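Step one of this worksheet: look at the structure below.
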Amino acid sequence: MTQAVFDTLNADTYVRSPLHAQERDWPETNCYLDVWIEVLPSLGLPPEACLAYSLTQDFEGDQFTFFKVPLEDLEALYGLKVTELAIYDRVENHVQQQIERGRLSLVEVDSYFLPDTQGVGYHATHGKTTIAVNRMDFENRTMDYFHGLGLHRLEDDDFDGVFQRGAHAGPMPFLPYTEFVKFPDRLPSQQYILAVSEDLLRHHLKRRPAENPVAAFAAVFPAQVEKVSERAFDFFHLYAFNTLRQLGANFELFSSYLDWLTAQGRPGLAEAAIEARAISTTCKTVQFKLARAVMRKKFQGLDESLLPAVTAWDSLMSHLDRHYGDGEASLAPVVSAAGA
């Protein structure tokens, strides 16, 4: 008999989180955050509550910050303790050990063997991505895993491939980075999560970039695109993912966070949510312009196309300063009380 972390979930009937709805600008965000967007509701916890850190995203010169929910935020909000899992035996043996202890493992694997990437990279290209393993069955060579837009199942040759077994066995150049999640004995209340989330919002608001990161990106965008156009077209996708997609998806999620705060009875945030969504929609529009610019090798006006997002970032921060800029965050007692 196989065991699972969430034994009531079935990959065939699983319903994805609304944060992964197909009608969103960016249904998928990045592999690490996509896992948490699905895992947290499986625990009965609101994933929106952990998105305050989005404010800290900056332009790093060649990319926007790859946004990942801070582990300390997960512990403060939900009482979840995420720790690196040392791999000294076969990966699947370690993962199964944690499943038997009721713990979830997040593992870096080769997306080549993940059937949910059908039409993108499945059995076509190799790439590193993060999954969370819910269920494994060694005898039948099947596994249910969180990745991308939901909960999925792989089997047979893909099971062997993802763990480098059977016909895919071979020396590993390095061991995959793996984390495991310890759940608290008692999950925190919704009121507690809301209070901590607002405290984190005040904290992260103080940590936002000193200068408008969208404006910094716009200043170098045309020159970067001109260089991108000299590369193979596949490079365009890498560039767009790490710039426009990271920026747009980050702030679309932050708009959902503000919608969640509004739904919890926090007033005055509707306009801020509109500004956050404006950053997302601008990035989606500009991504189409970027593709045309690369094909036609015409780069004039690309910086101007980002102006709505530049303005929206400034306006968003002004709204948040009015509502959350005066209070002092009390993170030390919040962290110590996690799970209370």
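List of remarks:
- Take every Cα pair under 8 Å whose residues are at least 6 apart in sequence, average their separation, divide by the length of the chain, and the relative contact order is 24 percent.
- Burial order of peptide ranges 77-85, 160-168 (average beta-carbon count within 10 Å, highest first): 77-85, 160-168
- Residue exposure proxy: Phe174, Phe254, ordered by other Cβ atoms within 10 angstrom of their Cβ from fewest to most, comes out as Phe174, Phe254.
- Descending by average beta-carbon neighbour count within 10 Å, the peptides 240-246, 90-96 line up as 240-246, 90-96, the highest first.
- Summing charges over neighbours of Val294, with a neighbour being any other residue whose Cβ is under 12 Å away from its Cβ, gives +4 when K and R count +1 and D and E count -1.
- Taking each of Lys128/Lys182; Lys227/Lys289; Lys68/Lys284; Lys68/Lys182; Lys128/Lys298 in turn, the alpha-carbon distance tops 26 angstrom for Lys128/Lys298.
- Relative contact order %, the range 190-336, counting alpha carbon pairs below 8 Å whose residues are six or more apart: 37
- Look at the alpha carbon pairs under 8 Å that are at least 6 residues apart: their mean separation over the length of the range 33-89 gives a relative contact order of 26 percent.
- For the chain: rounded, prolate or oblate by the Cα gyration tensor [a/c cutoff 1.5]: oblate
- Taking Leu258, Leu175 and counting other C-beta atoms within 10 Å, the order from fewest to most: Leu175, Leu258
- Given their separation in residues at 0.36 nm each and the Cα-Cα distance between them, Ala223 and Asp314 gain 30.4 nm when the chain is fully extended.
- As a rough footprinting exposure proxy, the listed residues Met136, Met295, Met143 were ranked by other beta carbons within 10 Å of their own, and the order from fewest upward is Met295, Met136, Met143.
- Extension gain for the segment Thr2 to Phe235, taken as residue separation times 0.36 nm less the Cα-Cα distance, is 79.7 nm to one decimal.
Any read-out appearing in this document is the output of simple, stated calculations on the displayed coordinates, not a laboratory observation. Note that the coordinates shown come from a computational prediction; the quantities given were computed from them, not determined experimentally. Neighbour counts run over all protein chains shown; Cβ positions are idealised from the backbone, glycine included.
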